[in-house]
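Have a look at the structure below before the remarks.
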Amino acid sequence: MHAHGLSKKQVLAELKKIRRRDKHYDDGKILCSMCTKPHPMAIKAYRLFLTSNLGDPGLFSGSVQLEEEVINDLATLLHGENCVGHVVSGGTEANLMALLAARNMAHVNAPEVVLPESAHFSFTKICNLLDLKPVYAGLDDSFRVDPLQVEKCAGEKTVAIVGTAGTSELGVVDPIEELSRVALEHKVWLHVDAAFGGLVIPFLADAKLNFDFALEAVESITVDPHKMGMAAIPAGGIIFRDSKALDYIKTETPYLTDQYQYTFIGTRTGAAAASTWAVFRSLGVEGFKKVVGKCMKTTRLLADGLTDAGFKLVVEPTLNIVAFRSDGGTRHLVEKLRRQGWFVSYVPRYDCIRIVVMPHVKNRQALAFLKDLVVNQKC
Ligand SMILES: Cc1ncc(COP(=O)(O)O)c(C=O)c1O
């Protein structure tokens, strides 16, 4: 820290200079992120609620109302009735709260959780924190978790089974209906990580994907507004089917306005709930269908263009994620593309490049990317 403060002008000039080093979604060249430029109303709402702290809800009843309405909207979208939940910092915290509830409710020695091999890495952190043993179930030919393997992995110590609706690497949706059957048989908690897919699948034109509270065993769902919900970061969502879940995750807060907290993060911004609420009210279901429809069209354009150019898709896209590889080697393309300003992810597990077609990725950028990719492949 300087001994004396700088002028407003100096501080802003320095900030703007440093900000230029960040990449910007507007360029349309960030093809590796599950976040996007927030909706303009999300930004306005965020500013309006900048000072609100949902960690001390008695002081911010307006923000509490927005959080409740967001959770209610999400629950309704996911076929839940009388659900409870919170706007949290992201998918990691949402998954943590779900497994904390499941573990505490089951109350067994040396607890285990059955995870798909494709589960998000947040579960590695969570297992560490909660002292849960991860038991990994393998995938089928379409990279969805194999329910027979899940069945084999489930045992007396299992406190939860996890399925993913929109895997981070390939965007596939696990057979949650079958996982629900296994979970019911074993009388075990089923958590669905729909951090990405939860705000895509309900808006797909012709999807017949059963993944939510319509399935009896689903006790909790992660769904993140700061991904396809176009809310400002940090906005994750955890929804529980039953309010009893909250009893297993509550912490007493002796000096605050409310007696308990139900999130891992203490002080947390009400601006997250406000920005999510603003997007939901601005777009409605029809608006979201348009956004998702556009992303899916661009996904198709990319998938077809890649195939025509001789690349191999790892799997046909279910959601707005395309993964592909090249017979001539894939990894080296990532660096070449980076030099041209394209940011894509390399996924070692499948030796592929993965592109997330978020709302900031338009058709013209998809076409420009394909052009650069083909040139790079040749040289
Ligand atoms: C399926 C899935 N779950 C959880 C997460 C973790 O979310 P966050 O980074 O918001 O904590 C991600 C992140 O991309 C994800 O794709």
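Summary of values
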| read-out | value |
| --- | --- |
| Shape metrics for the stretch 140-288, restricted to C-alpha atoms - Rg then Dmax, Å | 17.0, 54 |
| Inter-label distance for Thr124 and Leu148, nm, one decimal - labels placed 7 Å from Cα along Cα-to-Cβ | 2.9 |
| Convex hull projection area averaged over all views, the stretch 2-48, Cα basis, nm² | 5.3 |
| Segment Lys23-Asp140, length gained on full extension (0.36 nm per residue, minus Cα span) | 38.5 nm |
| Summed side-chain charge close to Leu115 - residues other than Leu115 whose Cβ falls under 13 Å, Lys, Arg +1, Asp, Glu -1 | -3 |
| Pairs of Cα atoms farther than 18 Å apart, the stretch 281-379, % | 45 |
| Between the stretch 90-159 and the stretch 315-379, the Cα center-to-center distance that results, in Å | 31 |
| Beta bridges by DSSP in the stretch 83-229, antiparallel share as percent, to the nearest 5 | 10 |
| DSSP beta bridges in the chain [antiparallel fraction, %, rounded to 5] | 55 |
| Heavy atoms of Trp277 accessible to a 1.4 Å probe, total area in Å² rounded to 10 | 70 |
| The stretch 322-379 - Rg (one decimal) and Dmax (whole number), Cα, Å | 11.0, 31 |
| Farthest positive-ward along the chain dipole, Cα basis, beta-carbon charges - from Leu6, Ala272, Pro38 | Leu6 |
| Alpha-carbon spread of the stretch 64-116, three principal axes, descending order, Å | 39, 23, 23 |
| Computed label-point distance, nm, for sites Glu14 and Arg331 using a 7 Å Cα→Cβ extension | 4.1 |
| Global form of the stretch 239-282, assessed from the alpha-carbon gyration tensor, a/c cut-off 1.5 | oblate |
| Sum of side-chain charges, Trp189 neighbourhood, beta-carbon under 11 Å (Lys, Arg +1; Asp, Glu -1) | +1 |
| Percentage of interatomic Cα-Cα distances in the stretch 120-181 larger than 15 Å | 53 |
| Mean projected area (nm²) of the alpha-carbon convex hull when the chain is viewed from all directions | 21.2 |
| Highest-MSF residue in the chain out of Arg20, Arg103, Arg300 [GNM, Cα springs under 10 Å] | Arg20 |
| Where N is the number of residues in the stretch 25-125, Cα Rg divided by 2.2 N^0.38 Å | 1.37 |
| Asp26, Asp56, Asp206, Asp258, reordered so the largest accessible area comes first (probe 1.4 Å) | Asp206, Asp26, Asp258, Asp56 |
| Net charge of neighbours whose Cβ lies under 10 Å from the Cβ of Asp351, counting Lys and Arg as +1 and Asp and Glu as -1 | +3 |
| Ellipsoid semi-axes in whole angstrom, largest first, where each is sqrt(5λ) of the Cα gyration tensor of the stretch 62-169 | 26, 17, 13 |
| Stokes-Einstein diffusion coefficient of the stretch 262-313, Kirkwood radius over Cα pairs, 4 °C, 1.567 mPa s, in µm²/s | 91 |
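The values are calculated or read from the model by the stated rules, or taken from the named source; none is laboratory data. Computed from a predicted model, the values in this text were never measured in an experiment. Every residue, glycine among them, receives a Cβ derived from its backbone with ideal geometry; neighbour counts consider all protein chains shown. All accessible areas refer to the heavy atoms of the entire protein, side chains included, with ligands and DNA or RNA removed. Shrake-Rupley method; radii C 1.70, N 1.55, O 1.52, S 1.80 Å.
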